[in-house]
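What follows is a set of notes on a single structure, which appears directly below.
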Amino acid sequence: GAVVSQHPSWVICKSGTSVKIECRSLDFQATTMFWYRQFPKQSLMLMATSNEGSKATYEQGVEKDKFLINHASLTLSTLTVTSAHPEDSSFYICSARVQGVETQYFGPGTRLLVL
Amino acid sequence: AQSVTQPDIHITVSEGASLELRCNYSYGATPYLFWYVQSPGQGLQLLLKYFSGDTLVQGIKGFEAEFKRSQSSFNLRKPSVHWSDAAEYFCAVGGTGGFKTIFGAGTRLFVKA
C-alpha cells in the first residue's frame with residue numbers, strides 16, 4: 001500500500017516551454033501533497049505544500065507564478081513549470097500524506113532537463 | 001527551530017559488516033522521526049519511523065533505529081550490510097500541527113566487497 005506515482009519519469013524540453021508533472025496516490029486518498037526539488041548530491045528542498053481543493057502554500061523563495069501547483073482531487077496533484085529555463089533543470093519529487101498521519105510517501109521523481 | 005544533522009556525508013563499509021548512520025535533531029517537542037533511503041535516480045522509500053512508544057524501532061530490510069531523547073539522536077543501524085544497501089540515506093524530523101518535515105543533508109553509503 002501507500003504507492004505514489006509520478007509522470008513523466010523524465011522530460012527534456014526547450015527553453016521557454018512549459019512542462020507539467022503529475023503526482024498520483026494510487027491506493028490511498030492524499031489530503032496533502034508536497035513538491036520537492038533536489039539538486040545533485042543534495043537533500044530535498046520543499047517547494048510547496050498543497051491541500052486538496054485549496055491553493056498551494058509556497059516556501060520562501062519559490063516563485064508561485066513559475067511553479068504552478070494544482071491539487072484538484074484527493075489522488076492527483078500537478079506541478080507545471082512555466083516558461084522553463086536551463087536553471088530549472090532538476091529532479092522533482094512529490095510526496096503524499098493522509099490527514100492525521102505524519103508519514104509522507106514519495107513518488108519516484110521526475111528528472112527535468114531544459115535545453 | 002527544528003533541524004536535522006547528519007554528520008557523515010559519506011560512509012564506506014565492507015559487505016557483511018555492521019552499519020550505524022548518525023542523526024541528530026533539534027525540535028521543541030516530542031518529534032516524529034523518519035529514516036528514508038534513496039537509490040540513484042529514484043524517490044525516497046520509508047525505512048522506519050518513530051512516533052512514540054518503544055524507542056527501538058524496527059524497519060524494513062533489516063534496519064533498526066533507536067530514539068535517544070537525552071542525546072537528541074535517532075541513529076540507524078544494521079547488523080550486516082549487503083551490497084544492495086548502497087544508497088543515500090536521509091533522516092527527517094516532523095511534528096503535529098502542520099509542522100513541516102525537515103530532511104537532513106543525507107549520508108551516502110558505499111559498500112565494498
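Coordinate-derived values only; no laboratory data. Everything numeric in this text was worked out from a predicted model, so none of it was measured. Cβ sites come from the backbone with ideal geometry, for glycine too, and all protein chains shown count toward neighbours.
The table that follows gives values for the structure above.
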quantity	calculated
Two-decimal log10 I(q)/I(0) for segment A:59-115, as the Debye equation yields it once each C-alpha is a single scatterer, q = 0.24 Å⁻¹	-1.16
In segment A:15-115, the chymotrypsin sites (Phe, Trp or Tyr not before Pro) that fall in loop regions by DSSP, at most 15 other Cβ within 10 Å	none
Global form of chain A, assessed from the alpha-carbon gyration tensor, a/c cut-off 1.5	prolate
Computed lengthening from B:SER39 to B:GLU20, 0.36 nm per intervening residue step minus Cα-Cα distance	5.0 nm
Label-to-label distance, nm, for residues given as A:LEU113 and A:GLU87 (7 Å Cα→Cβ offset)	2.1
For the protein assembly as shown, cysteines whose Cβ has no other cysteine Cβ within reach (under 4.7 Å)	A:CYS13
Descending principal axes extents, segment B:1-96, alpha-carbon based, whole Å	37, 27, 21
Cross-link table B:LYS61/B:LYS112; A:LYS41/B:LYS68; B:LYS68/B:LYS112, entries beyond 23 Å C-alpha to C-alpha	A:LYS41/B:LYS68; B:LYS68/B:LYS112
Rough spin-label spacing in nm, given labels placed 7 Å along Cα→Cβ, for A:THR103 and B:ILE9	3.3
Loop-located trypsin sites (Lys or Arg not before Pro) in segment A:30-65, at most 12 other Cβ atoms within 10 Å (DSSP)	A:LYS41, A:LYS55
Exercise: per-residue mean of other protein chain Cβ atoms within 10 Å, A:15-27	0
Relative compactness, the protein assembly as shown, computed as alpha-carbon Rg over 2.2 N^0.38 Å	1.02
Spherically averaged projected area of segment B:22-64 from its Cα convex hull (nm²)	3.9
Computed magnitude of the charge dipole of the protein assembly as shown (debye, nearest 20; Cβ of K, R +1, Cβ of D, E -1)	140
Only Lys, Arg (+1) and Asp, Glu (-1) charged, at Cβ; chain B dipole about Cα centre in debye	160
